[in-house]
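Remarks on the structure that follows.
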Amino acid sequence: THGLIAAVQDQSSGIRWYDGSYVTTEATSTALGTGATNTTTIISVQGATGTSYAAGLARAYTGGGYTDWFLPSKDELNKMYLNRATINTTAASNSGSDFGSSYYWSSTENDNDNAWMQRFIDGFQTNFSKSATKDVRAVRAF
């Protein structure tokens, strides 16, 4: 793996982290390179890939003809935030859209009730209720 590729647009501007059940998924990895595993772990606990929750929506994405998209880990999401200007420029060149200024979900669970998210207007990271609706931008490794 050399790096991450962000989707050229958001997959959602408001979706819950969970599928409706407050359960511990054990998707707690934060480091670069762990988002795909977190996503798989979440889906194995929350149910078949569906579009009603963040990890399922990211995995169901097929942009560019690829099927290996995932919800980024906490640190991967922060790397996306730090490189948002470049990602926005690339997205615009490919008929995509800029990151919004609101919160984006990561695949990193904090506990039974909360998961990590990041605000893209200022980089603030916090954990918040899995039932809250936040944005999703899928990534894939290359």
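The values are calculated or read from the model by the stated rules, or taken from the named source; none is laboratory data. All values reported here derive from a predicted model rather than from experimental measurement. Cβ placement follows ideal geometry from the backbone for every residue including glycine, while neighbour counts extend to all protein chains displayed. Please note that ligands, DNA and RNA were not included when accessible areas were found on the heavy atoms of the full protein model with its side chains. Shrake-Rupley method; radii C 1.70, N 1.55, O 1.52, S 1.80 Å.
Against the conditions (1) touching a helix residue (DSSP H, G or I) at 6+ places or on another chain (Cβ under 7 Å); (2) under 26 Å from ASP111 (Cβ atoms); (3) open to solvent by 50 Å² or more (accessible area, probe 1.4 Å); (4) in a loop (DSSP other than H, G, I, E, B), where does ARG59 fall short? Just the number, please.
All conditions pass for ARG59, except number (4).
Of the conditions (1) crowded, with 16+ Cβ neighbours inside 10 Å; (2) of a type in the set (A, V, I, L, M, F, W, C); (3) part of a loop (DSSP other than H, G, I, E, B), VAL23 satisfies every one except a single condition; which number is it?
(1) is the only condition that VAL23 fails.
Any idea which of (1) part of a helix (DSSP H, G or I); (2) of a type in the set (Ser, Thr, Tyr); (3) open to solvent by less than 70 Å² (accessible area, probe 1.4 Å) is the one SER44 doesn't satisfy?
Evaluating SER44 over (1) part of a helix (DSSP H, G or I); (2) of a type in the set (Ser, Thr, Tyr); (3) open to solvent by less than 70 Å² (accessible area, probe 1.4 Å) leaves (3) as the failure.
I'm trying to understand the selection: among the residues of segment 1-15, which are touching a helix residue (DSSP H, G or I) at 6+ places or on another chain (Cβ under 7 Å) and assigned to a loop (DSSP other than H, G, I, E, B)?
Pass one, segment 1-15, residues touching a helix residue (DSSP H, G or I) at 6+ places or on another chain (Cβ under 7 Å): 4, 6-9, 11-12, 15.
Hits for segment 1-15 are ALA7, VAL8, GLN9, GLN11.
Can you pull out every residue in segment 85-104 that is out of contact with any helix residue (DSSP H, G or I) (no Cβ under 8 Å at 6 or more places or on another chain), outside any loop (DSSP other than H, G, I, E, B) and surrounded by 14 or more Cβ atoms within 10 Å (Cβ to Cβ)?
ASN88, THR90, ALA91, TYR103
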